[in-house]
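J.: One structure coming up, written as structure tokens, with questions to follow.
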Amino acid sequence: MTKKEKAAFVMSTLDALYPEVPIPLQHQDAYTLLVAVLLSAQCTDVRVNQVTPLLFERARTPYEMVQLSVEEIEDIIRPCGLAPRKSKAIHQLSQILIDQHKGQVPQSFEALEALPGVGHKTASVVMSQAFGVPAFPVDTHIHRLMYRWTLSNGKNVVQTEKDAKRLFPQERWNKLHLQIIYFGREYCPARGHNPYQCPICRKIGRKELFKNVAPHD
């Protein structure tokens, strides 16, 4: 198969498995999504979804968030890890939203990536899931699977994003990146993965995936 044919196979397989894909992080609006995505760095979505209701009960807007101290935010979000850094970023970005954006989350990559604690991936998630702007946020699942499916060389997430955007139609990006994440969690995990039993890897997986693995392991 050519890469374009592989990409078409991936899309058809994922559409059959995941015709609908809910956004994994619970949120009410662009601001609560932004905070949730920031908290998800090096933390599971499940844990974030356990913590954010406690945080948003206290503060659901930038104006409410800056009324909390950094220490109060840190105490609430501690289970998510990296709490000192994340709490400062949440407090600082909330103040910037008030000072520079009238309390609203800006709808541009440049403005989002200028906020404390917000990198390109976080900005891409917000642009895609809050505003519907075509984006292809690359997380560890997407980076791993694009390499396994020989659709990218695995060099870095920047290259993986470029390859994904080149291979997949723009109108599919926002749904497809979520489909790949769900597939990675359910069928194609980092550990304990059997390519013979994986609906996609068994067709287009890299040859080295099959070394030292029996079909029925």
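Laboratory data are not the source of any read-out in this text; all were calculated from the coordinates shown. Fair warning: this is a prediction, and the values are worked out from it, not measured in the lab. Please note: Cβ atoms are built from the backbone with ideal geometry, for glycine as well, and neighbour counts cover all protein chains shown.
J.: Could you calculate the contour length gain from Asn156 to Thr44, that is, 0.36 nm times the residue separation minus the distance between their Cα atoms, to one decimal place in nm?
T.: Gain in length upon complete extension: 38.2 nm.
J.: Summing -39500 (n - 2.57) over the DSSP H runs of n ≥ 4 in the chain and dividing by its residue number, what mean residue ellipticity at 222 nm do you reach, to the nearest 500 deg cm²/dmol?
T.: Rounded to the nearest 500, the figure is -17000 deg cm²/dmol.
J.: Would you work out the charge dipole size for the chain about its Cα centre, treating the Cβ of every Lys and Arg as +1 and the Cβ of every Asp and Glu as -1, and quote it to the nearest 20 debye?
T.: 1140 debye
J.: Give the angle, between 0 and 90 degrees and rounded to the nearest 10, that separates the Cα long axis of helix 3-17 from the longest principal axis of the Cα atoms of the chain.
T.: Compared with the principal axis, the helix lies near 70 degrees.
J.: Just grab the label-to-label distance for Glu57 and Phe131, each label 7 Å out from Cα along the Cβ direction, in nm (one decimal).
T.: For the pair Glu57/Phe131, the computed spacing is 3.2 nm.
J.: Under the 0.36 nm per residue contour assumption, what length would be gained going from the current alpha-carbon distance of Glu208 and Tyr196 to full extension?
T.: My answer for the length gained is 3.1 nm.
J.: For the range 30-129, give the magnitude of the charge dipole about the Cα centre (Cβ charges: +1 Lys/Arg, -1 Asp/Glu; no others), in debye to the nearest 20.
T.: Dipole about the Cα centre, nearest 20: 160 debye.
J.: Sort out for me the Cα centre separation of the range 191-209 from the range 46-91, rounded to whole Å.
T.: Cα centroid of the range 191-209 versus Cα centroid of the range 46-91: 39 Å apart.
J.: Ranking Lys162, Lys211, Lys121, Lys4 by Cβ neighbours within 10 Å, fewest first, what do you get?
T.: Lys211, Lys4, Lys162, Lys121
J.: I would also like to ask the following. Taking neighbour counts of Cβ atoms within 10 Å as a proxy for exposure, in what order, fewest first, do Glu74, Glu57 appear?
T.: Glu57, Glu74
J.: Placing +1 on the Cβ of each Lys and Arg and -1 on the Cβ of each Asp and Glu in the chain, which of Phe168, Leu68, Ser87 has its Cα farthest towards the positive end of the resulting dipole?
T.: Farthest along the dipole direction, towards plus: Phe168.
J.: Now, a different point. Subtract the Cα-Cα distance of Phe9 and Thr140 from 0.36 nm times their separation in residues, and report this length gain in nm to one decimal.
T.: Result for the pair: 45.0 nm of gain on full extension.
J.: A further question on this structure: What's the exposure ranking of Cys43, Cys188, going from fewest to most Cβ atoms within 10 Å?
T.: Cys43, Cys188
J.: In addition: Any idea what angle helix 157-167 forms with the longest principal axis of the chain, computed on alpha-carbon atoms, 0 to 90 degrees, nearest 10?
T.: 60 degrees
J.: Using just the Cα positions, wrap the range 30-129 in a convex hull and report its mean projected area in square nanometres, one decimal place.
T.: Its average projected convex-hull area is 5.4 nm².
J.: Normalise the Debye intensity by I(0) for the chain, one equal point scatterer per Cα, no solvent, then take log10 at q = 0.11, 0.13, 0.17 Å⁻¹ and round to two decimals.
T.: Once normalised to I(0) and log-transformed, intensities are -0.58, -0.77, -1.14.
J.: Eight or more residues apart or on different chains, and alpha-carbon atoms under 18 Å: count the Lys pairs in the chain matching that.
T.: Summing the qualifying lysine pairs gives 23.
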